[in-house]
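**Student:** Supplied in structure tokens, the structure appears directly below.
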Amino acid sequence: MNAPSDTLAERLSEWPAGGPWPDDRALQGTRRAASVVLLRDAEGGPQVLLLRRAVRDGDMRSGVWVFPGGVLDAADPGLHDLARGQDAAFSQRMQLPCRGLDYAIAAVRECFEEVGLLLADGPDTVLRQAASVRPQLQDGSAFADWVRQAGLVLAVDALVYLAHWLTPLGMKPRFDTRFFLARAPEGQEAVADAGEALELAWMTPAQALAAGLRMLPVTRALLQGLTAHPTVDAALDAARQQGPVERQFPRLGCDAQGVRPVLPHELPYAEISRLDPEGRGDVWIALTPERIVTLSPRVQRITCGNGSMMTGPGTNTYLIGSPGHDEVAVLDPGPEDARTEAHLQAVMAAAAGRRITRILVTHTHHDHSPAARRLQALTGARLIGLPALHPEWQDTGFQPEEVPQDGQCWRLGEDCTLRAVHTPGHAANHVCWWLEQEALLFTGDHVMQGSTVVINPPDGDMAAYLASLHWLQSLPLQWLAPGHGFLIEAPRREFQRLIDHRLAREAKVLAALGEQPGPVAPAELLPRVYGDVPPARHAVAERSLRAHLLKLQADGRATEAQGRWRVC
């Protein structure tokens, strides 16, 4: 028996070519694979080669359109000396300790096996006859032997590393696939092998996306990225210049249409990661009104059916309590309108026999607090929150029995502590609620998912909003539970993103003011400052613009006279 290897690089050097890399749980059960996206220039723009996979039972890729590629072969490492590229360079680019060249060699081999295009240099007679011998080379060892005997050098330096994708947990088979971009070799014709590839098609990325073809999420995503490039050289240059390639790890979620992969940029992704780390695929990926979602043993969420431009998918109501305890608190019971009864019935059903003893609110905007009075009439619970400080767009009828002090705690059982965190900015009376046992913050509207909140003076204050975000960065948080949207991970990153966004908008305001020959009204600044916002939302955006101007005035960087503004 060999002695155990001391380093990861040594262990990797002994790892089977087709197996997963060790020391990464996300990779367990995967097979290493490589794929090449082949481009050629055409009159209507660069065309990409796609192939339709053979139909096989139990294969998630059965019959779908993909790029040429397949799993690494045990013979691939034996061709390192016949590949025009260095393992160290490929490994560094792919963030691997070693054997990155294996992927590049596999990409060249699989491309030749499936579509007959060979990225290699060698005797012209051999290259011209390569297509005729391809049927005898559908095996890694046979291909390696032929390359060596024919005096070929694999042109792996023509491959530009493009992407890294994992198959979602819960799907089989699973692959750990590296994608490369390359120009199709000239003078060669792509021909399907009639085994792995049933048919081929050259199309522009836009044509492929519009053709209604069955595709994997990775294929669609890479095609979308290629649509921006007018030439093959432009696409290759962009791939070379991109920063470190982040691994894309879709997860399975479900909705009324069934189970599907959810990509990392999609809003439900982080919540799926938290609720379904095993890949069952049973986490609901739509914020369906009145649906009871268990986020943890302490927290349930019910979304009200009041979705709109201002509320997104609807206002979230949360039930919070200690596991096994007979009392529960309700946070942000929602609006008072035609949907109230159905929403509160769902809240009562979620309580499941537990007594609702406290009703808390984050703030008193009309989509968050008005239903508190109706829920109090049903339960006798105490109202906790800050009353409105300004009447505009506020639920002035909310009269709390307890006014939380900043940092005040409520024990909701033996293992559930909720702490008030004053966060003025979006509203002067805004409070976030910190569930300490789960390092989770209920953010109300201070942080919304997929959007930024309106800061509407005088109740809204941009300086206070930014100061609250900075303060929240100091808390030991792991998750955010927003008033609108799914759970959000990496709170510090999210807070910084919002701070950066607001400061970038502030810089736009200053630049727009500086471009004007004289004082200007806020409405005249809107197209310049909010040009990225649809005009239908400009009336709402003007409120936040006024908040930026007032902050700049307080900072001594802008001044106002008779409703018109200029740079100091």
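The values are calculated or read from the model by the stated rules, or taken from the named source; none is laboratory data. Just so it is clear, the structure is predicted and the values come from calculations on it, not from any experiment. All Cβ positions, glycine included, derive from the backbone under ideal geometry; neighbour counts span all protein chains shown. Keep in mind that these areas ignore ligands, DNA and RNA; they rest on the heavy atoms of the full protein, side chains included. Shrake-Rupley method; radii C 1.70, N 1.55, O 1.52, S 1.80 Å.
**Student:** Filter the stretch 62-99 down to the residues that are open to solvent by 40 Å² or more (accessible area, probe 1.4 Å) and in contact with a strand residue (DSSP E or B) (Cβ under 8 Å, 6 or more places away or on another chain) and list them by number.
**Tutor:** The answer is Arg84, Arg93.
**Student:** Are there any pairs with C-beta distances below 6 angstrom linking a residue in the stretch 206-219 that is touching a residue at least 60 places away in the same chain (Cβ under 8 Å) to a residue that is in a helix (DSSP H, G or I), with the two at least 6 apart or on different chains, and if so which?
**Tutor:** Close Cβ pairs satisfying both conditions: Ala208/Leu223.
**Student:** Would you say Ser468 is open to solvent by 30 Å² or more (accessible area, probe 1.4 Å) and either touching a strand residue (DSSP E or B) at 6+ places or on another chain (Cβ under 9 Å) or assigned to a helix (DSSP H, G or I) (or both)?
**Tutor:** On the way: open to solvent by 30 Å² or more (accessible area, probe 1.4 Å): no; either touching a strand residue (DSSP E or B) at 6+ places or on another chain (Cβ under 9 Å) or assigned to a helix (DSSP H, G or I) (or both): yes.
Answer is no for this residue.
**Student:** Something else about it: For the stretch 142-174, which positions are open to solvent by less than 20 Å² (accessible area, probe 1.4 Å) and either of a type in the set (Val, Ile, Thr) or closer than 27 Å to Ser62 by Cα (or both)?
**Tutor:** Phe143, Val147, Val156, Leu159, Val160, Tyr161, Ala163, His164, Leu166, Thr167, Pro168, Arg174
**Student:** Report, by residue number, each residue of the stretch 471-489 that is open to solvent by 10 Å² or more (accessible area, probe 1.4 Å) and either in a loop (DSSP other than H, G, I, E, B) or out of contact with any helix residue (DSSP H, G or I) (no Cβ under 9 Å at 6 or more places or on another chain) (or both).
**Tutor:** Trp471, Gln473, Ser474, Leu475, Pro476, Leu477, Gln478, Phe486
**Student:** Val55 versus (1) exposed (fewer than 15 other Cβ atoms within 10 Å of the Cβ); (2) more than 30 Å from Val259 (Cβ to Cβ); (3) β-branched (Val, Ile, Thr): which is the lone unmet condition?
**Tutor:** (2)
Condition check ((1) outside any loop (DSSP other than H, G, I, E, B); (2) open to solvent by less than 50 Å² (accessible area, probe 1.4 Å)) across all residues:
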site: Leu383; (1), (2): yes, yes
site: Thr396; (1), (2): no, no
site: Pro400; (1), (2): no, yes
site: Val453; (1), (2): no, yes
site: Ala463; (1), (2): yes, yes
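**Student:** What are the residues in the stretch 265-279 that are modelled with pLDDT of 95 or more, part of a loop (DSSP other than H, G, I, E, B) and not aliphatic (A, V, I, L, M), if any?
**Tutor:** If the condition is that a residue be modelled with pLDDT of 95 or more, part of a loop (DSSP other than H, G, I, E, B) and not aliphatic (A, V, I, L, M), then Glu266, Pro268, Asp276 are the ones that fit.
**Student:** Within the stretch 281-291, how many residues turn out to be out of contact with any Pro (no Cβ under 6 Å at 6 or more places or on another chain) and open to solvent by 20 Å² or more (accessible area, probe 1.4 Å)? Break it down stepwise before answering.
**Tutor:** Step one: filter the stretch 281-291 for residues out of contact with any Pro (no Cβ under 6 Å at 6 or more places or on another chain), giving 281-284, 286, 288-291.
Narrowing the set further to residues that are open to solvent by 20 Å² or more (accessible area, probe 1.4 Å) leaves 282, 284, 286, 288-291.
Result for the stretch 281-291: 7.
**Student:** Could you name every one of the helices (runs of 4 or more DSSP H) located completely within the stretch 490-568 that has at least 2 residues being under 30 Å from Leu441 (Cβ atoms) and of a type in the set (Lys, Arg)? Spell out the reasoning first.
**Tutor:** On the way: elements: 491-515, 522-529, 538-554.
Passing ranges, in order: 491-515, 538-554.
**Student:** Between Glu278, Glu271, Glu266, which is open to solvent by 50 Å² or more (accessible area, probe 1.4 Å) and either over 20 Å from Gln449 (Cα atoms) or not small (Gly, Ala, Ser) (or both)? Show your work before the answer.
**Tutor:** On the way: Glu271 fails: open to solvent by 50 Å² or more (accessible area, probe 1.4 Å); Glu266 fails: open to solvent by 50 Å² or more (accessible area, probe 1.4 Å).
Matching residue, one of Glu278, Glu271, Glu266: Glu278.
**Student:** Looking at Leu418, Leu503 in this structure, which one is among the aliphatic types (A, V, I, L, M), open to solvent by less than 60 Å² (accessible area, probe 1.4 Å) and over 26 Å from Gly307 (Cα atoms)? Even if it seems obvious, please write down each step before you answer.
**Tutor:** Details: Leu503 fails: open to solvent by less than 60 Å² (accessible area, probe 1.4 Å).
After ruling out the rest, the residue left standing is Leu418.
**Student:** Which one of Pro458, Pro476, Pro404, Pro424 is closer than 24 Å to Arg274 by Cβ and either among the hydroxyl-bearing types (Ser, Thr, Tyr) or touching a residue at least 12 places away in the same chain (Cβ under 8 Å) (or both)?
**Tutor:** Values: Pro458 fails: closer than 24 Å to Arg274 by Cβ; Pro404 fails: closer than 24 Å to Arg274 by Cβ; Pro424 fails: closer than 24 Å to Arg274 by Cβ.
Being closer than 24 Å to Arg274 by Cβ and either among the hydroxyl-bearing types (Ser, Thr, Tyr) or touching a residue at least 12 places away in the same chain (Cβ under 8 Å) (or both) holds for just one of Pro458, Pro476, Pro404, Pro424, which is Pro476.
The rows are residues; the columns are (1) buried (at least 24 other Cβ atoms within 10 Å of the Cβ); (2) in contact with a Phe, Trp or Tyr (Cβ under 9 Å, 6 or more places away or on another chain); (3) basic (Lys, Arg).
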{"residue": "Asp326", "(1), (2), (3)": "no, no, no"}
{"residue": "Gln345", "(1), (2), (3)": "no, no, no"}
{"residue": "Met348", "(1), (2), (3)": "no, no, no"}
{"residue": "Ile359", "(1), (2), (3)": "yes, no, no"}
{"residue": "Pro370", "(1), (2), (3)": "no, yes, no"}
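**Student:** Could you count how many residues in the stretch 228-246 are of a type outside the set (Gly, Ala, Ser) and crowded, with 18+ Cβ neighbours inside 10 Å?
**Tutor:** Looking only at the stretch 228-246, we keep the residues that are of a type outside the set (Gly, Ala, Ser), and these are 229-233, 236-237, 240-242, 244-246.
From the residues that got through so far, the ones that are crowded, with 18+ Cβ neighbours inside 10 Å too are 229, 232, 236.
Within the stretch 228-246, residues that are of a type outside the set (Gly, Ala, Ser) and crowded, with 18+ Cβ neighbours inside 10 Å number 3.
**Student:** If you check His343 against the conditions, is it under 22 Å from Tyr465 (Cα atoms) and at pLDDT 95 or above? Working first, answer last.
**Tutor:** Numbers: under 22 Å from Tyr465 (Cα atoms): no; at pLDDT 95 or above: yes.
Answer is no for this residue.
**Student:** Also: State whether the residues of the stretch 123-140 include one that is within 25 Å of Val48 (Cα to Cα) and buried (at least 21 other Cβ atoms within 10 Å of the Cβ).
**Tutor:** Scanning the stretch 123-140 turns up no residue that is within 25 Å of Val48 (Cα to Cα) and buried (at least 21 other Cβ atoms within 10 Å of the Cβ).
**Student:** While we're here: Would you check which residues across the stretch 205-220 are assigned to a helix (DSSP H, G or I) and crowded, with 18+ Cβ neighbours inside 10 Å and list them?
**Tutor:** Taking the stretch 205-220 as the starting set, the residues that turn out to be assigned to a helix (DSSP H, G or I) are 205-210, 217-220.
Answer for the stretch 205-220, where residues must be assigned to a helix (DSSP H, G or I) and crowded, with 18+ Cβ neighbours inside 10 Å: Pro205, Ala208, Val218, Thr219.
**Student:** Now a separate question. Would you check which residues across the stretch 297-324 are open to solvent by 20 Å² or more (accessible area, probe 1.4 Å) and either in contact (Cβ under 8 Å) with a residue 40 or more places away in the chain or not hydroxyl-bearing (Ser, Thr, Tyr) (or both) and list them?
**Tutor:** Going through the stretch 297-324, the residues open to solvent by 20 Å² or more (accessible area, probe 1.4 Å) turn out to be 297-298, 300, 305, 307-310, 312-313, 323-324.
Across the stretch 297-324, the qualifying residues are Pro297, Arg298, Gln300, Gly305, Gly307, Met309, Met310, Gly312, Pro313, Pro323, Gly324.
**Student:** Of everything in the stretch 511-548, what is more than 24 Å from Met309 (Cα to Cα) and open to solvent by less than 20 Å² (accessible area, probe 1.4 Å)? Give them in sequence order. Outline the logic, then answer.
**Tutor:** So in the stretch 511-548, the residues more than 24 Å from Met309 (Cα to Cα) come out as 511-521.
Within the stretch 511-548, Ala512, Leu513, Val520 qualify.
**Student:** Exactly one condition in (1) at pLDDT below 95; (2) touching a strand residue (DSSP E or B) at 6+ places or on another chain (Cβ under 9 Å); (3) surrounded by fewer than 15 Cβ atoms within 10 Å (Cβ to Cβ) is not met by Thr294; state its number.
**Tutor:** Of (1) at pLDDT below 95; (2) touching a strand residue (DSSP E or B) at 6+ places or on another chain (Cβ under 9 Å); (3) surrounded by fewer than 15 Cβ atoms within 10 Å (Cβ to Cβ), only one is false for Thr294: (1).
**Student:** Another question, then. Answer yes if at least one residue in the stretch 14-30 is buried (at least 17 other Cβ atoms within 10 Å of the Cβ), modelled with pLDDT of 80 or more, under 30 Å from Ala201 (Cβ atoms) and in contact with a Pro (Cβ under 8 Å, 6 or more places away or on another chain), and no otherwise.
**Tutor:** Scanning the stretch 14-30 turns up at least one residue that is buried (at least 17 other Cβ atoms within 10 Å of the Cβ), modelled with pLDDT of 80 or more, under 30 Å from Ala201 (Cβ atoms) and in contact with a Pro (Cβ under 8 Å, 6 or more places away or on another chain).
**Student:** Filtering the stretch 179-199 down to residues that are under 36 Å from the mean Cα position of the chain (by Cα) and farther than 19 Å from Val64 by Cβ, which residue is modelled with the lowest pLDDT?
**Tutor:** Taking the candidates together, the pick is Pro185.
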